[in-house]
Amino acid sequence: MGRPEYAKGSVARSNPRQYEPAVLKAESFAHTVEGFNAADQELYPQEIPNSRAWEFLSANIPLLDCPDQGIQEVYYFRWWTFRKHIRRTEQGVVFTEFLAPVRHAGPHNTISCALGHHIAEGRWLADRRHLDQTVHFWLRGEGARPQAHLHKYSSWLAHALLGRFCVDGQGRFMLDLLDDLVADYRQWEAERLLPDGLFWQYDVRDGMEESISGSRTARNARPTINSYMFANARAIALVAERAGRSELAAEFAAKAARLKELVQTHLWDSRAGFFKVRLEGDGLADVRELLGYTPWFVHLPDGGYQDAWRQLTDEQGFAAPFGPTTAERRHPKFTIAYDGDDCQWNGPSWPFSTSVTLTALANVLNDYRQDVVGPADYVAGLSTYAASHHLTRDDGSAVCWIDENLHPFTGSWLTRERKKAKPNFCERGKDYNHSTFCDLVITGLVGLRPRADDTIEVNPLAPAQWDYFCLDGVGYHGRSVTVLWDRAGRRYGRGAGLAILVDGRELARREDLGRLTATLPSV
């Protein structure tokens, strides 16, 4: 039976599962979502209320079973919060960032700042029409109008869409958007290009207001926007090549190559061993900031820059109990402030930048030769990130929680704590959709590395001492994929070792944890 159609802009009810799990049973995890519902004060229901949360999630998300119950709980929690942000409009579905109305949002309370994160997470939903409609909103609908502020914040939209294509294999969607993405890129050039070829941005328009290196008014060349634009140019070049538009492909490949050279030449501080912000008055900022890892988020650097990653685990660098911090702790302007702007990036830990950093770290571990960081550092970072997803309520009860930013030494939600002390407090940051988590589990911990070709690649960063894990019912290139590790072969009854199953049939296996590849059978 085919999957039911639904009206434009709506979300299907009682959707049968398209990508059936081969090992795990969805009902085994229903109690987890029911627990989130029971503990929740549903302040801002949108298209899929709590009463329908499991109905939607059981039909749409990959299932996870792993021995780290903290990571597993937060994996389901983040899917549970993600569906809260699906909002129906007359033009189609959009993803929101805040549930509470905020003054700086555009139509339907949308904000473009975390759009790339929304696509990275949303690409793993079985029903990707929600994602299609969100993208069309930003490129062709109300989001494309000047008042909607698509360019109010830096964006890696084309790069994110290429990443989505590497999951679903649906090239027609990208090809159809090619001219829109080219026009979007040229608009960025008109608005933000410096004479030397780098892009400039205010820190607040990077979504990183009140940073040590930044300014709400200075036109600084930042590793963030330049990495994003490198990745966008490269994505456009690849799509143009698939479309047979060789001149356009060559033009954008040259743009990407030029940005790569400029970032490595002008934004790398060889003495500090770090990518930094170049200030408007010229010269690099005197501070290492977490945004310096953004080039690896998009595979920009060549080999030879990896020593920068030593700062991630250094307590004078970015390491903290609920970190990483957004600025190095040794800097004299590092602070955790209870005055000034509510949102500061001069010390607090932000899930937005944590998810960028962990994605970048997974790229380093998968695709670069180095001995600075290892899989244990990724697992430690993901575990710390998972542990931050909690709140102790006034009555002493602890619940899963995601909000704006964290006090890196206590784990309290800093902006929430500050706003709570003011009159007319409302839960603005509750269930904040400004980062990824599930994508980090899928592509990093379990190690399903999305690719555009017909090779399926798995390289788990999960600890070697784990006895088991399973990611099941993953929609990948039109097939249902299972990745499982069963040391003794007793938990899942599918034999010992690491295995890839496609539509329930074993495609590849190895005895130990490590990289495993195979050719996907044709659909």
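Of the conditions (1) under 16 Å from PRO324 (Cβ atoms); (2) crowded, with 20+ Cβ neighbours inside 10 Å; (3) of a type in the set (D, E, K, R), ASP403 clears all except one; give me its number.
With (1) under 16 Å from PRO324 (Cβ atoms); (2) crowded, with 20+ Cβ neighbours inside 10 Å; (3) of a type in the set (D, E, K, R) applied to ASP403, the lone miss is (1).
I'd like the full set of residues that are surrounded by 15 or more Cβ atoms within 10 Å (Cβ to Cβ) and touching a Cys at 6+ places or on another chain (Cβ under 9 Å), limited to region 36-75.
Listed by number, the residues that qualify are PHE36, ILE61, PRO62, LEU63, LEU64, ASP65, CYS66, GLN72, GLU73, VAL74, TYR75.
Mind checking which residues of region 434-491 are in contact with a helix residue (DSSP H, G or I) (Cβ under 8 Å, 6 or more places away or on another chain), assigned to a helix (DSSP H, G or I) and buried (at least 23 other Cβ atoms within 10 Å of the Cβ)?
Answer for region 434-491, where residues must be in contact with a helix residue (DSSP H, G or I) (Cβ under 8 Å, 6 or more places away or on another chain), assigned to a helix (DSSP H, G or I) and buried (at least 23 other Cβ atoms within 10 Å of the Cβ): ASP439, LEU440, VAL441, THR443, GLY444, LEU445.
Show the residue pairs meeting these rules: Cβ distance below 9 Å; 6+ apart or different chains; first residue within region 482-509 and touching a residue at least 12 places away in the same chain (Cβ under 8 Å) and more than 20 Å from ALA26 (Cβ to Cβ); second residue assigned to a strand (DSSP E or B) and of a type in the set (Asp, Glu).
GLY495/ASP486; GLY495/GLU506; ALA496/ASP486; GLY497/ASP486; LEU498/ASP486; ALA499/ASP486; ALA499/GLU506; ILE500/GLU506
If we keep just the residues of region 500-517 that are more than 26 Å from the chain's Cα centre (by Cα) and more than 14 Å from PRO21 (Cβ to Cβ), which is surrounded by the most Cβ atoms within 10 Å (Cβ to Cβ)?
Restricting to residues being more than 26 Å from the chain's Cα centre (by Cα) and more than 14 Å from PRO21 (Cβ to Cβ), the top hit is LEU507.
On the basis of being more than 29 Å from GLY495 (Cβ to Cβ), aromatic (Phe, Trp, Tyr), at pLDDT 95 or above and assigned to a loop (DSSP other than H, G, I, E, B), does PHE56 make the cut?
When the stated conditions are applied, PHE56 does not pass them.
Only residues in region 325-348 that are in contact (Cβ under 8 Å) with a residue 24 or more places away in the chain and outside the structural domain of LEU291 (by TED's automatic domain parsing) count as the first member; pair them with residues that are among the polar types (S, T, N, Q) and surrounded by fewer than 19 Cβ atoms within 10 Å (Cβ to Cβ), Cβ under 8 angstrom, at least 6 apart or cross-chain, and list the lot.
Within 8 Å, the pairs are GLU328/GLN316; GLN344/THR335; ASN346/THR335; GLY347/THR335.
Restrict the check to region 160-178 and report whether at least one residue is assigned to a helix (DSSP H, G or I), among the aliphatic types (A, V, I, L, M), exposed (fewer than 15 other Cβ atoms within 10 Å of the Cβ) and more than 22 Å from the chain's Cα centre (by Cα).
no
Please state which one of LEU131, LEU125, LEU99 is surrounded by 20 or more Cβ atoms within 10 Å (Cβ to Cβ), outside any strand (DSSP E or B) and in contact with a Gly (Cβ under 7 Å, 6 or more places away or on another chain).
Going through LEU131, LEU125, LEU99 in turn, just one is surrounded by 20 or more Cβ atoms within 10 Å (Cβ to Cβ), outside any strand (DSSP E or B) and in contact with a Gly (Cβ under 7 Å, 6 or more places away or on another chain): LEU131.
Among the numbered conditions (1) modelled with pLDDT under 95; (2) in contact with a strand residue (DSSP E or B) (Cβ under 9 Å, 6 or more places away or on another chain), tell me where ALA464 comes up short.
Failed condition: (2).
Which ones in region 192-203 are surrounded by fewer than 22 Cβ atoms within 10 Å (Cβ to Cβ), in contact with a Phe, Trp or Tyr (Cβ under 9 Å, 6 or more places away or on another chain) and charged (D, E, K, R)?
ARG192
Would you pick out the residues in region 466-488 that are within 9 Å of PRO62 (Cα to Cα) and touching a Gly at 6+ places or on another chain (Cβ under 7 Å)?
Within region 466-488, no residue meets the criteria.
The values are calculated or read from the model by the stated rules, or taken from the named source; none is laboratory data. Predicted model, so just to flag it, every value in this text is computed and none were measured. Cβ: placed from backbone, ideal geometry, glycine included. Neighbour counts: every protein chain shown.
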